[in-house]
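Here is the structure we will look at, set down as structure tokens.
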Amino acid sequence: MNDEPNVSDALRAKVEAAIASLDYQPNLQAGSLRRSGGGSKSIGLVVSSVANPFASTLHRGVEDAAALNGVAVFSASGDDDPAREQAIVSALVRRRVDGLVITSTAADHGYLVKEQERGTPIVFVDRRPTGLDVDAVVCDNAEGAAAAVRHLFEAGHRRIAYLGDRNDIRTALERRDGFLEAMGQGGVPLNEIVVVEDLHDEEVAQAAVEAVLRLPEPPTALFTSQNLVTVGAIRALRRLGLQHEIALVGFDDVLMADLLEPAVTVISQDPHRIGELATERLFARLAGDRSAPQTLVVPTRLIARGSGEIPPRG
């Protein structure tokens, strides 16, 4: 198991077969982490990327709630890569964390079933689990996107473009669906709506927004469904000198959004609260709560600052 060189091939094969059969996970820190009560006094956290302000604020919410219970947090960025996510979870499990809080990109979370069967509590944050019956804490993505559309309708807009994150991320799909449903309810034909997806960083988003605004009939307003996409849109509007002519509503708040001119209207989430609630659910499970899994929905809030109130040109 420790890759010792003086082990026969036959014995190595037997041990490896037993490991596979038992799905055994070595305890890397048994001597240093295990306490008399049987717990490691630590939990594992997987976020999308600590470079994203949403994830870092969620991380802080988990840390604050864990600190109240004298528990350490081991965290890592999954980078929205399912293979990396599974590798991180495996590493955390080997360190015998008492529970897991996960922001997941994987399409199927069945890989966590064995760990759940071992008794490790698992709580999902931001994105709901698939193929796994566990607690989750999310925001109302579809309703938040719909609120953005209704707000732009009130300002007189009908040509509203959707700029979205990767379409294999569940939150992005929920926001897109909420956007399209609200547009349809407002009488806008779906074939007339500009939808651009798979924008996962600021540079790609900026290029996409510039291309959209150069269309023969460009939109009069933009809905950006993620904070990094919003930053890219802000840069594009300023580069083209259109920040006072094209309305913008972003999903997620952006650092110093209130200091720009115009200040940026956003659909604001509360990632700190999401992290706190997820950790509270985890500790409830550790304390013996055996009730049915819950999905807690944290509401969004529209913050009107100026960019989303710009009327259509002409």
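The values are calculated or read from the model by the stated rules, or taken from the named source; none is laboratory data. For clarity, every value in this text was computed on a predicted model and none was experimentally measured. FYI the Cβ positions are ideal-geometry reconstructions off the backbone, even for glycines, and counts take in every protein chain you see. Protein only, heavy atoms only, side chains kept; ligands, DNA and RNA dropped before computing areas. Shrake-Rupley method; radii C 1.70, N 1.55, O 1.52, S 1.80 Å.
Remarks
- Within the range 78-118, the residues that satisfy the criterion of being of a type outside the set (D, E, K, R) and open to solvent by 20 Å² or more (accessible area, probe 1.4 Å) are Pro82, Ala83, Gln86, Ala87, Ile88, Ser90, Ala91, Ala107, Gly110, Tyr111, Val113, Gln116.
- Any hit, the range 89-105, residues being out of contact with any strand residue (DSSP E or B) (no Cβ under 9 Å at 6 or more places or on another chain) and within 20 Å of Arg128 (Cβ to Cβ): yes
- Matching residues, the range 180-196, being in contact with a Phe, Trp or Tyr (Cβ under 8 Å, 6 or more places away or on another chain) and open to solvent by 50 Å² or more (accessible area, probe 1.4 Å): Val195
- Subset tally (residues that are within 25 Å of Ala207 (Cβ to Cβ), of a type in the set (Asp, Glu) and surrounded by 20 or more Cβ atoms within 10 Å (Cβ to Cβ)) for the range 134-173: 1
- Qualifying residue in the range 235-257 (condition: within 22 Å of Arg301 (Cα to Cα), in a helix (DSSP H, G or I) and open to solvent by 10 Å² or more (accessible area, probe 1.4 Å)): no
- With respect to the conditions (1) surrounded by fewer than 21 Cβ atoms within 10 Å (Cβ to Cβ); (2) modelled with pLDDT of 95 or more; (3) not acidic (Asp, Glu), Gly44 falls short on a single one, namely (1).
- Test set (1) loosely packed, with under 15 Cβ neighbours inside 10 Å; (2) on the phi > 0 side of the Ramachandran plot - Thr295 fails condition number: (2)
- Scanning the range 258-278 for residues that are part of a helix (DSSP H, G or I) and under 15 Å from Gly232 (Cα atoms) yields a total of 0.
- Answer residue from the range 202-223, given it is touching a Leu at 6+ places or on another chain (Cβ under 7 Å) and in a helix (DSSP H, G or I) and is surrounded by the most Cβ atoms within 10 Å (Cβ to Cβ) among those: Val209
- Members of the range 63-83 found to be hydrophobic (A, V, I, L, M, F, W, C) and either outside any helix (DSSP H, G or I) or free of Cβ contacts under 8 Å to residues at least 24 places away in the same chain (or both), listed by number: Ala67, Leu68, Val71, Ala72, Val73, Phe74, Ala76, Ala83
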